[in-house]
Each structure stands twice: as C-alpha cells, then as structure tokens.
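Accompanying notes for the structure given below.
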Amino acid sequence: MSPWLKAPWHLILKGLQSASPPHAWCLAHASAVFSDSLTDHLAQSLLCDTPKKGEPCGECVSCRFPDPHPDILSLGPEGAAGMIKIDAVREAIEVAYTTASMAGCRVIVVRPADCLNQAASNALLKVVEEPPSGTVFIFQTSVPGKLLPTLVSRLRMVRVPVPTPQIFEKTAQSLGINGEDLLLSDALLAQPTAAQTAPERLALGRDVLDALVRIRFGEDSQVLLKPFGKVDMLTASTVMERICDQLIRVQFKQTSQNPITAALSAPYPSVRLLYQYKERVSEVRTQAQAGIAVNSDLALGSLFAAWAFIWATV
Ligand SMILES: [Zn+2]
C-alpha cells in the first residue's frame, strides 16, 4: 500500500475492529488512481478468512483468489451516458441476499459512486439502511457532494488525501524507487512497489503503454507488435484494462493527471468505443486467468489492431 494511504487505512482499521463495524463505507478521494488500491485492500480484508488485526493475511484461499473474486460485486458506469444503471443495481441487490460463494462476507463496490442516478441511489439506499447480514458496501467517489444526502448519512466517510509532490518524492526515496516508477506501477498495475516486487510486470506494462501511445499517434500496430514475442497476457491485459478505465474516467472528470492520461492526451475515442474495447480485453484476461493458454502473438496483435481502429475515429 502507498505510504500516504496509511492514515486513511488506520481510520478504516479502527472501524473494522470496533464492536459494530460499518456495513457501508464511502472512500472520498481526489485521485482515483490512488484510491483504487485502498478500496481493493479494504475489500480483500473484509473477505479474508483469517485477517490479522484487520489486515488481509495474503495466504488464505480468499486472499489468493485471482481477480475477479466471486464475492466482490462491482457496480460501475455503463453505456454512452456513463451512469450506473438501475438494472445492474437491482441485480446486485438480489445477489446481496444470497449466500456468499466462499465462507466470508460479500462486498459490493460502487465505483465511481457519483455515477449513480436518482433511481439507482434510492434502490441502494433501502438495502444500505437494512443490509442483509454479511454484505458490506464500499462506495468510492471524488465528489461525495453528488451523492444522495440520505445515502451519505448512512455511510462511514473516509477522506483519502492526495500526496503532495514533496511527500510523494520523499516516500519514493525511502522505498528506494524512483517517483516515476512508483506512479507508473500504481497506475498500470495498482501495485506501487512493482519496481521492486515485480520488475518484469512493470517493464511489460511500460512497453504496452508505450506501444499503445505510438499506435494512438499513427504508428503501424503490426510493426510495434514484433518486439513483444511471447508475453504474459495476464499482465498485458490487466494493464490495457486499467488504461481503458482511466480514459473512460477522465471523460467523466473522475480522475486527475496520472501517467496514463499524461501519455494519452485528449481528444479520446468515445466512452462507448472504449467500453467495447475493454470488453475484448477482459475476455483475454479471463482466459489468461483461468490458465487457458492464450496465443499472445494473436491476442496482442488483434488488440493492437482494434486499438488503432478506435483511435482512427477521433
Ligand atoms: Zn486472507
């Protein structure tokens, strides 16, 4: 976890260890890139079979379960309007009343929560007021003021600060990682210390971002594909998904400047095209995750070509 997230995490830990832990959280932040990892960490801690003082153990079946965890339900914006749809909310509520797949609880992540419309907010309000046992909600937003006040009053609010450049540099130094790598690995892999813990994943992430930027500026995708050879498609597709997420969020003003939005500047392909593209990437990621051998040459080749296509519409 990034060091500047430690203060809000301690607040969360206090709540988790209290006599009546909250069943609905709201993480309010200025930068989605930094808060995503806090939301994910909280979800992991809630689902862990043997948490240690509120921290996920990292070893149980739940902690080691590859993404997406069967007991995490994510609600996010859909379609050209970029709203969280009432149908998706209703589905999530139905699931909330069923038993969790694994032994622990069930977590419903609403991110970004300000994309809830009135009807969806009202539907959620009812279930947040009287939640089924074992279900915990995490709302994440950069504009808590846009949420329904009655809903906000039911949530445990945690403010997530953005590190000042000085604190950021100091932290990077103390970790022995350069600031640029720290930011980049947080943005691409949600793993700020990847430069030390998974340097090969960071290197691949950097190469993928670099190729996508070059394709965006008109270079031939099939030429850029050549140096890749056989690659870890799980990492490549994870990075591509996160890039799509950031380009979608930036169009809803849901994110601040980060290495992805800095490298891929506006104008952007439409949100609808980005969602369609992300779906293709997700298919590849699901296969790679399930251990199905993915021909990385073919998969990456087709994703690169499709990337060139969506930018051609800009
Ligand atoms: Zn665990």
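The values are calculated or read from the model by the stated rules, or taken from the named source; none is laboratory data. A quick note: this is a predicted structure, and the numbers were derived from the prediction, not measured. Because the Cβ atoms are built from the backbone with ideal geometry, glycine has one as well, and the counts that use them run over all protein chains shown.
Yes or no: region 112-133 includes at least one residue that is among the hydroxyl-bearing types (S, T, Y), assigned to a helix (DSSP H, G or I) and in the same structural domain as H41 (by TED's automatic domain parsing). Even if it seems obvious, please write down each step before you answer.
If we filter region 112-133 for residues that are among the hydroxyl-bearing types (S, T, Y), which is where we start, we get 121, 133.
Still in the list and also assigned to a helix (DSSP H, G or I): 121.
Filter once more, so that each one left must be in the same structural domain as H41 (by TED's automatic domain parsing): 121.
Yes; the residues of region 112-133 include at least one that is among the hydroxyl-bearing types (S, T, Y), assigned to a helix (DSSP H, G or I) and in the same structural domain as H41 (by TED's automatic domain parsing).
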Take the residues in region 42-67 that are more than 22 Å from V160 (Cα to Cα) and crowded, with 18+ Cβ neighbours inside 10 Å; name whichever of them is farthest from the chain's Cα centre (by Cα). P51
Got at least one residue in region 82-97 being of a type in the set (F, W, Y) and farther than 25 Å from T238 by Cβ? yes
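Let's see how each residue does on (1) farther than 29 Å from L274 by Cβ; (2) touching a residue at least 24 places away in the same chain (Cβ under 8 Å); (3) surrounded by 13 or more Cβ atoms within 10 Å (Cβ to Cβ):
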| site | (1), (2), (3) |
| --- | --- |
| L16 | yes, yes, yes |
| S20 | yes, no, no |
| T39 | no, yes, yes |
| H69 | no, yes, yes |
| L73 | no, yes, yes |
| A100 | yes, yes, yes |
All but one of (1) within 16 Å of the ligand (Cβ to nearest atom); (2) of a type in the set (S, T, Y); (3) free of Cβ contacts under 8 Å to residues at least 40 places away in the same chain hold for S62; which doesn't? (3)
Quick test for you: out of V294, V250, V223, V284, pick the one residue that is surrounded by 16 or more Cβ atoms within 10 Å (Cβ to Cβ) and at pLDDT 90 or above. V284
Identify the residue in region 129-146 that is at pLDDT 90 or above and surrounded by 21 or more Cβ atoms within 10 Å (Cβ to Cβ) and, among all such residues, is nearest to F252 (Cα to Cα). Q140
Across region 147-205, which residue is farthest from L224 (Cα to Cα) among those that are out of contact with any Gly (no Cβ under 6 Å at 6 or more places or on another chain), assigned to a helix (DSSP H, G or I) and of a type in the set (G, A, S)? S174
Out of curiosity, is K85 charged (D, E, K, R) and at pLDDT 90 or above? no
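Test of understanding: among P22, P3, which residue is away from the ligand (no atom under 16 Å from the Cβ) and modelled with pLDDT of 90 or more?
Answer to the check: P22.
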Residue that is nearest to N117 (Cα to Cα) [pool: residues in region 65-104 that are within 16 Å of the ligand (Cβ to nearest atom) and touching a helix residue (DSSP H, G or I) at 6+ places or on another chain (Cβ under 6 Å)]: I72
Can you give me the number of residues within region 285-302 that are farther than 15 Å from P227 by Cα and part of a helix (DSSP H, G or I)? 6
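Only one of R106, R90 is within 21 Å of G134 (Cβ to Cβ), over 16 Å from the mean Cα position of the chain (by Cα), among the basic types (K, R) and surrounded by fewer than 17 Cβ atoms within 10 Å (Cβ to Cβ). Can you tell me which? Write out each step before concluding.
Working: R106 fails: surrounded by fewer than 17 Cβ atoms within 10 Å (Cβ to Cβ).
One residue alone meets the criteria, R90.
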